[in-house]
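The values are calculated or read from the model by the stated rules, or taken from the named source; none is laboratory data. Keep in mind the model is a prediction, meaning the values are calculated, not measured. Cβ sites come from the backbone with ideal geometry, for glycine too, and all protein chains shown count toward neighbours. Just the protein is used for accessible areas: all its heavy atoms, side chains included, with ligands, DNA and RNA removed. Shrake-Rupley method; radii C 1.70, N 1.55, O 1.52, S 1.80 Å.
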Amino acid sequence: GPWDHYQSHGLDRATEMLRWFDYWLKDIDNGIMKEPPILYCVMGAPPDRMIRRAGRWPLPEARPVKYYFAPGPSGSVLSANDGLLTSSTPKPGADSYVVDYRTTSGTRTRWTGGPPAYADMAANDRKALTYTTEPLARAVEVVGHPIMHLWLQCPAGDVDVFAYLEEVDAQGRSTYITEGCLRASHRALSQPPHARLGLPHHSGLEKDAAKLPKEPVELVFDLLPTGKHFPAGHRIRIAITCADKDSYQTPQLSPPPSITVLRDAQ
């Protein structure tokens, strides 16, 4: 759901937690084990459809959809490239980006503690690579773990990559939805030591780390799970940066390196 450690939205989460503890620690048969095990919130959905339950996760009715990076302009932001995000297979191409170490998702985020208060992400997007859909002809719900497949080339031995899923309204305001990140040297996929829903896993171990080669490499990583209702007329955006200065300790190179993001059917 859209809550952090301290708050809840549209759901008395403390009550749900107490019911769980009452059952397991006090042997109170309150019926919680007869309910579907998954409880989730779809942000932006009508109030009577915001809180939902499911028997398993990922949702059995979920349908994976591939979105591709494509050339722009989308006309929605003056970013480093203003590319398009599309479900149609694009022609091969590439976008270059000089790392901007000033990029940030803000000082009151899910990482900083206390209630998060994300500002309009458009200011950050202007320092980023962006890929934005056309205004949606119909509402779209994204529920689950978005997965990023990013092909890039970088002359530096390593680079941090941040991918933000955002909602852009008709006035151009860009709202943070969720994010994923990966240090490129830890791109090797490995077998997880636990059930991980089939999501890409990176060990983080020194023995699996490798510097970037000269040729392009693929980074595969998931974004933190989300539930979001995107209304018709709004846009879906992916913003790519190589630093989040208020949340992460990214090593800074001088001069900043450039990366090239490749675009095609892969």
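So, of the residues in region 246-266 that are among the charged types (D, E, K, R) and within 30 Å of K66 (Cα to Cα), which turns out to be least open to solvent (accessible area, probe 1.4 Å)?
Initially, region 246-266 is screened for residues among the charged types (D, E, K, R), giving 246, 263-264.
Next, only the ones that are within 30 Å of K66 (Cα to Cα) stay: 263-264.
Values: R263: 22, D264: 58 Å².
Looking at the filtered set, the residue picked out is R263.
Hey, can you tell me all the residues within region 23-55 that are open to solvent by 50 Å² or more (accessible area, probe 1.4 Å), of a type in the set (D, E, K, R) and touching a strand residue (DSSP E or B) at 6+ places or on another chain (Cβ under 7 Å)?
Across region 23-55, the qualifying residues are E35, R53.
Could you tell me whether region 81-97 includes any residue that is touching a Gly at 6+ places or on another chain (Cβ under 6 Å) and open to solvent by 40 Å² or more (accessible area, probe 1.4 Å)?
no
Of all the residues that make up region 114-165, how many are farther than 26 Å from P256 by Cα, within 15 Å of the chain's Cα centre (by Cα) and not in a loop (DSSP other than H, G, I, E, B)?
Residues in region 114-165 being farther than 26 Å from P256 by Cα, within 15 Å of the chain's Cα centre (by Cα) and not in a loop (DSSP other than H, G, I, E, B): 5 in total.
Does any residue of region 125-142 turn out to be open to solvent by 10 Å² or more (accessible area, probe 1.4 Å) and in contact with a Gly (Cβ under 6 Å, 6 or more places away or on another chain)?
So in region 125-142, the residues open to solvent by 10 Å² or more (accessible area, probe 1.4 Å) come out as 126-127, 134-142.
Now drop any that are not in contact with a Gly (Cβ under 6 Å, 6 or more places away or on another chain), which leaves 135.
Yes: one or more hits.
So is D222 crowded, with 18+ Cβ neighbours inside 10 Å, within 23 Å of Q153 (Cβ to Cβ) and out of contact with any Phe, Trp or Tyr (no Cβ under 8 Å at 6 or more places or on another chain) or not? Full working, then the answer.
On the way: crowded, with 18+ Cβ neighbours inside 10 Å: yes; within 23 Å of Q153 (Cβ to Cβ): yes; out of contact with any Phe, Trp or Tyr (no Cβ under 8 Å at 6 or more places or on another chain): yes.
Answer is yes for this residue.
Looking at Y131, Y101, Y97, Y68 in this structure, which one is farther than 30 Å from D246 by Cβ, touching a residue at least 60 places away in the same chain (Cβ under 8 Å) and in contact with a Ser or Thr (Cβ under 9 Å, 6 or more places away or on another chain)? Quick ask: steps written out before the conclusion?
Working: Y131 fails: farther than 30 Å from D246 by Cβ; Y101 fails: farther than 30 Å from D246 by Cβ; Y97 fails: farther than 30 Å from D246 by Cβ.
Step by step, each of Y131, Y101, Y97, Y68 is checked, and only Y68 is farther than 30 Å from D246 by Cβ, touching a residue at least 60 places away in the same chain (Cβ under 8 Å) and in contact with a Ser or Thr (Cβ under 9 Å, 6 or more places away or on another chain).
Is it the case, given these coordinates, that T109 is at pLDDT 95 or above and hydroxyl-bearing (S, T, Y)? Explain how you work it out, then say what you get.
Details: at pLDDT 95 or above: no; hydroxyl-bearing (S, T, Y): yes.
It is false that T109 is at pLDDT 95 or above and hydroxyl-bearing (S, T, Y).
Restricting region 166-188 to residues that are farther than 14 Å from A239 by Cβ and part of a strand (DSSP E or B), which is nearest to the chain's Cα centre (by Cα)? So that I can check it myself, show each step before the final result.
So in region 166-188, the residues farther than 14 Å from A239 by Cβ come out as 169-171, 182-188.
Checking which are part of a strand (DSSP E or B) leaves us with 182-183.
Details: L182: 11, R183: 15 Å.
This residue is L182.
For the list (1) part of a loop (DSSP other than H, G, I, E, B); (2) surrounded by 17 or more Cβ atoms within 10 Å (Cβ to Cβ); (3) polar (S, T, N, Q), I need the number of the one condition that T107 fails.
Here T107 clears every test but (2).
In this structure, is R183 closer than 30 Å to R56 by Cβ and of a type in the set (K, R)? If you could, list the steps in order and put the result at the bottom.
Working: closer than 30 Å to R56 by Cβ: no; of a type in the set (K, R): yes.
In short, no.
Need the failing condition index for H229 against (1) touching a residue at least 60 places away in the same chain (Cβ under 8 Å); (2) open to solvent by 40 Å² or more (accessible area, probe 1.4 Å), just the number.
Result: H229 fails condition (2) only.
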